[in-house]
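Only one structure is covered here, and it is reproduced in the block below.
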Amino acid sequence: MNNPYKDPQVQNFVDESEELFDFKGFFFKVIKDWWVILLSVLICFTVAFIYLRYSTPVYKIHATLMVVDEKKGSGGIGGSELFGGDISSLLGGKSSVDNEVEILKTRFLIEKVVRGMDLNIAYFKNGRVKLDELYNIPFKVNILTPVDTISATKFNVNAITETQLTLNYVDNLTKKDKTETIFFGKPFKIAGIGLLQINKTPNLPLANTQYCFIINAFDATVTGFQGNLLVSIPNKMVTTINLEISYPVPQKGEDILNRIVQEYIQQRINDKNEIADSTIQFIENRLLYVGRELGDVEGNIQSFKQNNKIADIDAQSQLLITNTSDYINKLADIETQISIIDALVDYLKDETKNKRVVPGSILPQDEIFADLVGRYNSLLLETERLLLTSTESNPYIKNLKERIASLRADMLSNLANTRSAFVISKNALNKSNNNVAGLIRNVPAQERTYLDLARQQRIKQELYIFLLQKREETAISKTANISSSRVIDQPKSEATPFSPKRKFIWAIALIIGLILPLIRIYIAELLNVKILNKQDIERKTNIPIIGEISHNDSKESVVVLEDARSPISEQFRALRTNLQFFIPPKKGNTILMTSSMSGEGKSFTAVNLGAALAISDKKVLLMELDLRKPKLSQNLSMPGSFGFTNYIIDETLTAQDIILPTNLHTNLFVISAGPIPPNPAETILNPRMRNLMEKLKSEFDYIIMDAPPIGLVADAQLLNDYSDLALYLVRQKYTNKEQLNIPDELYRTQKFSKIGIVVNDIGKNNGYGYGYGYGYGYSYGYGYGNEPEKKKSFLDKIFNK
């Protein structure tokens, strides 16, 4: 006879991947629940259809700017060559694409657009499910005097006439519905918003439509549009900027983006004009000062001539003046530059003035100073814009001020070095001029005095003319100011909405519809702690499975009869056959029935296995040894008040006194438990128990002991001493997987020398392994007695009933 047992000392380790996930079992579960997957896909498709039907389409609006970036060699915009030089350098500062991108992202710019277009007020048409935003509407709401913090409020518009309309809204103070009649053009107050006025839009007829409008908080609206605006540079080799916003109303989105572009361009022009105005103001102040000095010198010359009655200069003086004219011109230029430098130093050191932009065109030959001025003015303008929306405690503003102070120090240092260079040049010229001055010593004193006055006049006159020229150049440049950026691609909406993406939504619905049932099956498998199939047992123990008993659909506890051909009766006959591979057919074979806990079908299996053995012409005895909770007698519809316990207590009783025949078969007998003893374990250990078993083994071919669950009490281990084979009952969807550690330990420690597992209550459609195919071979042509096979309806087939 082949040994059906594996080595009990070898632990049953399966492949780790199989332990983690059973692909075959999972596949069969998916096939079994195909209708759940189909239903899930249909539900997801329905949700996708509703979402696509009622979601608001959103369009992308694009625009492109080109920026004059001198660092990248882009061509200029406008005629800077008109004045023989670069106007941007004249007015200070250079434009870079990266800086322009940051300016376009500033909150200051978006605030101007939101405030100018009243974007915090949105108009809608009431639909059955959603609100559709409108752009052209027969009335317009104006906030005349807003409160500091506007509370978002929705207003439903009813009963519009030519002169009035009715508003229904939730009052921000009382939080109650409020209805108010408003006349067109008449101001009215709303709590939490301020003073409002509604005006009728000309040339737009009043339609029979349910309108509403929402007034949102100004800051929240600005933040929303600031996040919605995307500004990017296509690549570092070009000086173009791409702008993009998303909006549900294409025309309104185009107007918003166009307004952003126009505000940005105007802001750049204003920056240039501010620098030009500052330069002109500086020159005007210097002209007044130099003009007064020139007037004083000319007055001195006039007084000198009148007092000395001089009408003309003699030939010697004319010759000396001619010879010294070059020196005088050069000294005049140097004196002019030194005077301008001193004025700039005073301007930068004056705390009342150095908060304004610095003129950058006064020293055109000093490129280093012009670059410092350009950077200085850019930081000043950026700080002014940020201070409109932030405080001076802002870390970024503090950093800007530190950089401005550093640049101011650099400019002062540069001016000091430049002045030193001019002073050296002036000293050299004075030295050369002194040589000529020696020739003048012989000139009469009157002419020498006149020559000094004429030289002072020439210096002041040159400075005055220089300032006049710069003022005119700056004024002309201001009138020619244009933005460093221009629109090369006007704002335009895409033809189709980018959201929602219909194909993507359908694909996601299909994927979710497929994945959700699979996740449900997978999670159910992970969370399941019950035994479902043969693999659950094989993963836990090497104990062989002797028999598999399907679910008993009948109400009868005895299913194995002489003429029974039902699937479950055939399974008990198969169990009877399998016993021959575990115990030899001899007199007195004893089978112990136990399990992990109550309710796993020990008594049911014991009765029907005994019946299967009895109809094979074997004399069989059923012993009801579950003294704590006897149930075997109840299954046989026999009284259990007299039996084994009476035999142990009453020594006058013999084995024949407690053996009772059953009405199932002439070869099937039973010993009932009798009264429940207070100490069942000690009752089993009584010496009369061994005498009884020896007597019974000599009279019966098979003895089946229905023992208590081994997972709860130790009675079954005590009874194992008398058994040739222990049958451990496992019930599908009832026995915990971890409870298989109990028989596995008994098997590995050799406490039970022979043990087999019987799986009970297997469903016909509970997945592969168990239930897969039961009833296929057995039920063909048989059934339960002569009962005709019941046909399944279509719904029963779908729901596996």
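The table for this structure:
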{"quantity": "Residue tally, condition surrounded by fewer than 16 Cβ atoms within 10 Å (Cβ to Cβ) and either modelled with pLDDT under 85 or hydrophobic (A, V, I, L, M, F, W, C) (or both), over the range 405-416", "calculated": "4"}
{"quantity": "Matching option when the condition is open to solvent by less than 10 Å² (accessible area, probe 1.4 Å), hydrophobic (A, V, I, L, M, F, W, C) and either touching a helix residue (DSSP H, G or I) at 6+ places or on another chain (Cβ under 6 Å) or under 28 Å from Leu718 (Cα atoms) (or both), among Ile545, Ile531", "calculated": "Ile531"}
{"quantity": "Members of the range 107-155 found to be outside any loop (DSSP other than H, G, I, E, B), open to solvent by 50 Å² or more (accessible area, probe 1.4 Å) and under 26 Å from Ile265 (Cα atoms), listed by number", "calculated": "Arg107, Lys112, Arg115"}
{"quantity": "First in the range 215-228 and more than 25 Å from Ile190 (Cα to Cα) and in contact (Cβ under 8 Å) with a residue 24 or more places away in the chain, second anywhere and open to solvent by 50 Å² or more (accessible area, probe 1.4 Å) and part of a helix (DSSP H, G or I), Cβ under 9 Å, 6 or more apart", "calculated": "Gln226/Arg107"}
{"quantity": "Where Asn646 falls short, out of the listed (1) buried (at least 22 other Cβ atoms within 10 Å of the Cβ); (2) more than 24 Å from Ile615 (Cα to Cα)", "calculated": "(1)"}
{"quantity": "Answer residue from the range 598-607, given it is assigned to a helix (DSSP H, G or I) and under 60 Å from the mean Cα position of the chain (by Cα) and is surrounded by the most Cβ atoms within 10 Å (Cβ to Cβ) among those", "calculated": "Lys602"}
{"quantity": "Count - residues of the range 187-200 that are out of contact with any Asp or Glu (no Cβ under 8 Å at 6 or more places or on another chain), open to solvent by 60 Å² or more (accessible area, probe 1.4 Å) and touching a residue at least 24 places away in the same chain (Cβ under 8 Å)", "calculated": "1"}
{"quantity": "Tally, over the range 464-507, of residues that are crowded, with 18+ Cβ neighbours inside 10 Å, assigned to a helix (DSSP H, G or I) and among the small types (Gly, Ala, Ser)", "calculated": "1"}
{"quantity": "Any hit, the range 76-90, residues being modelled with pLDDT under 90, open to solvent by 30 Å² or more (accessible area, probe 1.4 Å), of a type outside the set (S, T, N, Q) and within 39 Å of the chain's Cα centre (by Cα)", "calculated": "no"}
{"quantity": "The lone exception for Arg419 - which of (1) open to solvent by 50 Å² or more (accessible area, probe 1.4 Å); (2) free of Cβ contacts under 8 Å to residues at least 60 places away in the same chain it fails", "calculated": "(2)"}
{"quantity": "Among the candidates Leu575, Leu510, residue that is touching a residue at least 12 places away in the same chain (Cβ under 8 Å) and exposed (fewer than 15 other Cβ atoms within 10 Å of the Cβ)", "calculated": "Leu510"}
{"quantity": "Contacts under 6 angstrom Cβ, first residue in the range 275-293 being within 15 Å of Asp342 (Cα to Cα) and open to solvent by less than 30 Å² (accessible area, probe 1.4 Å), partner part of a helix (DSSP H, G or I) and not small (Gly, Ala, Ser), 6 or more apart", "calculated": "Ile283/Leu467; Ile283/Lys470; Ile283/Arg471; Leu287/Leu467; Val290/Leu463; Val290/Tyr464"}
{"quantity": "In the range 608-629, the residues that are open to solvent by less than 60 Å² (accessible area, probe 1.4 Å) and over 27 Å from Ser566 (Cβ atoms)", "calculated": "Leu625, Leu627"}
{"quantity": "Subset of the range 626-653 [in contact (Cβ under 8 Å) with a residue 40 or more places away in the chain and of a type in the set (Ser, Thr, Tyr)]", "calculated": "Ser633, Tyr647"}
{"quantity": "Residue list for the range 209-254, filter: touching a Phe, Trp or Tyr at 6+ places or on another chain (Cβ under 9 Å) and open to solvent by 60 Å² or more (accessible area, probe 1.4 Å)", "calculated": "Gln251"}
{"quantity": "Qualifying residue in the range 701-712 (condition: more than 17 Å from Gly601 (Cα to Cα) and buried (at least 20 other Cβ atoms within 10 Å of the Cβ))", "calculated": "yes"}
{"quantity": "Selection from the range 516-528 of residues that are of a type outside the set (A, V, I, L, M) and open to solvent by 70 Å² or more (accessible area, probe 1.4 Å)", "calculated": "Arg520, Tyr522"}
{"quantity": "Residue match in the range 183-198 (condition: among the basic types (Lys, Arg) and touching a Phe, Trp or Tyr at 6+ places or on another chain (Cβ under 9 Å))", "calculated": "no"}
{"quantity": "All positions within the range 33-53 that are open to solvent by 70 Å² or more (accessible area, probe 1.4 Å) and either within 29 Å of Gln535 (Cβ to Cβ) or basic (Lys, Arg) (or both)", "calculated": "Trp34, Leu38, Leu39, Arg53"}
{"quantity": "Which listed residue, of Val170, Val147, Val157, is farther than 18 Å from Tyr123 by Cα, out of contact with any Pro (no Cβ under 7 Å at 6 or more places or on another chain) and among the β-branched types (Val, Ile, Thr)", "calculated": "Val147"}
{"quantity": "Residue within the range 165-172 that is touching a Ser or Thr at 6+ places or on another chain (Cβ under 8 Å), part of a loop (DSSP other than H, G, I, E, B) and at pLDDT below 80 present", "calculated": "no"}
{"quantity": "From Asn235, Asn203, residue being closer than 30 Å to Thr163 by Cβ, free of Cβ contacts under 8 Å to residues at least 40 places away in the same chain, part of a loop (DSSP other than H, G, I, E, B) and out of contact with any Pro (no Cβ under 8 Å at 6 or more places or on another chain)", "calculated": "Asn203"}
{"quantity": "Unmet criterion (only one of (1) modelled with pLDDT of 90 or more; (2) among the charged types (D, E, K, R); (3) under 60 Å from the mean Cα position of the chain (by Cα)) for Asp744", "calculated": "(1)"}
{"quantity": "Subset of the range 162-186 (residues that are in contact (Cβ under 8 Å) with a residue 40 or more places away in the chain and either of a type in the set (A, V, I, L, M) or open to solvent by less than 70 Å² (accessible area, probe 1.4 Å) (or both))", "calculated": "Phe184"}
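Here's the yes/no breakdown for (1) in contact (Cβ under 8 Å) with a residue 40 or more places away in the chain; (2) among the small types (Gly, Ala, Ser); (3) under 19 Å from Leu104 (Cα atoms); (4) open to solvent by 50 Å² or more (accessible area, probe 1.4 Å):
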position: Asn377; (1), (2), (3), (4): yes, no, yes, no
position: Glu382; (1), (2), (3), (4): no, no, yes, yes
position: Leu386; (1), (2), (3), (4): yes, no, yes, no
position: Ser393; (1), (2), (3), (4): no, yes, no, yes
position: Ile397; (1), (2), (3), (4): no, no, yes, no
position: Arg403; (1), (2), (3), (4): no, no, no, yes
position: Ile424; (1), (2), (3), (4): no, no, no, yes
position: Ala428; (1), (2), (3), (4): no, yes, no, yes
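The values are calculated or read from the model by the stated rules, or taken from the named source; none is laboratory data. Nothing here was measured: the structure is a model prediction, and the numbers come from that model. Ideal geometry is used to build each Cβ from the backbone, glycine not excepted, and the neighbour counts take in all protein chains shown. What goes into the accessible areas is simple: the full protein's heavy atoms, side chains included, and nothing from ligands, DNA or RNA. Shrake-Rupley method; radii C 1.70, N 1.55, O 1.52, S 1.80 Å.
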